[in-house]
Amino acid sequence: MKFSGKNVLVTGAASGIGRAVAKTLANYGLKVWINYRSRPQEADSLKDEIEKSGGVAAVIKFDVSDEDAFVEGIKTIFSSDGELSYLVNNAGITNDKLAIRMKKEDFTKVIDINLTSAFIGCREALKIMSKQRFGSVVNISSIVGETGNAGQVNYSASKGGLIAMSKSFAQEGSARGIRFNCVTPGFIATEMTEKLSDSVKEQYTSKIPLKRFGNPKDIAEAVAFLLSDSSAYITGEVLKVNGGMYM
Ligand code: NAP
């Protein structure tokens, strides 16, 4: 895959899908800015791993739900590299419970971290990328943003909102060639899904035509494709990476 840009910011990159995305993009030759919130050791170990395989990485700490910190983080990257070529809004949380037991704060916290923060990232990226006349953004949504899921009214709303928001950003960015796309992972083996009981995991696996949970690497390659020049004519699109669970 060919990348005309030079650097990328991946939010929530210390673990899981973000970590795999960071490693994959470094392998494709991009300088990777590893954003983390609470795991400095994991972020540093990822930087070391990337550098040992000949890549370039930098670590940047901020909480994506803190608007000022996110804006400042992007400014730091721009003043260091003179550009921001790519952004992956990956940071996300779950806080599952049945709707009748869900407090307003349980709902808004998930929306803040999964959706509002991605809005801040997309907005700041669009400002810089519009001046550059170059850039591509991928937002990590979810299969449940397409299908809904019992116990996840907050999470599914945030991920469905991310899809609609990405399409709107795609329309605003298109005049200057800035692309916005989403990847919707199905069930992927990370800390987020480790919390599920074995019986729930078996129940989900039985509904996946490819009969396994995905790996973070499965998502990372899809993200790389959507950022790269190989997808130059794709914007406002949603790429499902779910083992066929939802077609
Ligand atoms: P994960 O291992 O829990 O990773 C989530 C990452 O996001 C963590 O490194 C976490 O850092 C970071 N993060 C959370 N809140 C943050 C904040 N406010 N500021 C900065 N970083 C923050 O889960 P994952 O499975 O890799 O999830 C990555 C993305 O994929 C999420 O958006 C998730 O919704 C999406 N997704 C996952 C699956 C799946 O099956 N795993 C399926 C569909 C979509 P801390 O540990 O420091 O909080």
Restricting attention to the range 203-226, the residues that are within 15 Å of S136 (Cα to Cα) and either at pLDDT below 95 or touching a strand residue (DSSP E or B) at 6+ places or on another chain (Cβ under 6 Å) (or both) number exactly 3
Please indicate, with yes or no, whether at least one residue in the range 107-116 is hydrophobic (A, V, I, L, M, F, W, C) and either within 30 Å of A232 (Cβ to Cβ) or modelled with pLDDT under 95 (or both). yes
Scanning the range 168-203 for residues that are buried (at least 16 other Cβ atoms within 10 Å of the Cβ) and part of a helix (DSSP H, G or I), the one farthest from the chain's Cα centre (by Cα) turns out to be G173
Item checked: Residue check for N114: within 19 Å of the chain's Cα centre (by Cα) and either of a type in the set (K, R) or assigned to a helix (DSSP H, G or I) (or both) -> yes
Scanning the range 46-75 for residues that are within 19 Å of N215 (Cβ to Cβ), surrounded by fewer than 19 Cβ atoms within 10 Å (Cβ to Cβ) and either within 13 Å of the ligand (Cβ to nearest atom) or in contact (Cβ under 8 Å) with a residue 40 or more places away in the chain (or both) gives none
Exercise for review: May I ask you to verify whether M247 is assigned to a loop (DSSP other than H, G, I, E, B) and either exposed (fewer than 14 other Cβ atoms within 10 Å of the Cβ) or touching a residue at least 40 places away in the same chain (Cβ under 8 Å) (or both)?
Suggested key: yes
| Selection status of G121, in contact (Cβ under 8 Å) with a residue 60 or more places away in the chain, under 18 Å from the mean Cα position of the chain (by Cα), in a loop (DSSP other than H, G, I, E, B) and within 24 Å of A224 (Cβ to Cβ) | no
Requested in this report: Would you check if K61 is under 27 Å from N149 (Cα atoms), more than 14 Å from the chain's Cα centre (by Cα) and at pLDDT 95 or above?
Outcome: no
Counting only residues in the range 133-164 that are of a type in the set (S, T, N, Q) and away from the ligand (no atom under 11 Å from the Cβ), the one farthest from I208 (Cα to Cα) is identified as S136
For the range 204-238 the number of residues that are among the aliphatic types (A, V, I, L, M), out of contact with any Ser or Thr (no Cβ under 7 Å at 6 or more places or on another chain) and not in a helix (DSSP H, G or I) is 4
Q.
So for the range 119-132 (the condition being within 11 Å of the ligand (Cβ to nearest atom) and of a type outside the set (V, I, T)), does at least one residue qualify?
A. yes
Residue under question is G29, and the condition is that it be touching a Phe, Trp or Tyr at 6+ places or on another chain (Cβ under 9 Å), free of Cβ contacts under 8 Å to residues at least 40 places away in the same chain and on the phi > 0 side of the Ramachandran plot; does it hold? yes
Scanning the range 1-44 for residues that are of a type in the set (G, A, S) and surrounded by 15 or more Cβ atoms within 10 Å (Cβ to Cβ) gives G5, G12, A13, A14, S15, G16, G18, A20, A22, A26, A43
Right, N89: within 16 Å of the ligand (Cβ to nearest atom), at negative phi, at pLDDT 95 or above and within 13 Å of the chain's Cα centre (by Cα) or not?
-> yes
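The values are calculated or read from the model by the stated rules, or taken from the named source; none is laboratory data. What you see is a predicted model, and the numbers here were worked out from it, not measured in a lab. Please note: Cβ atoms are built from the backbone with ideal geometry, for glycine as well, and neighbour counts cover all protein chains shown.
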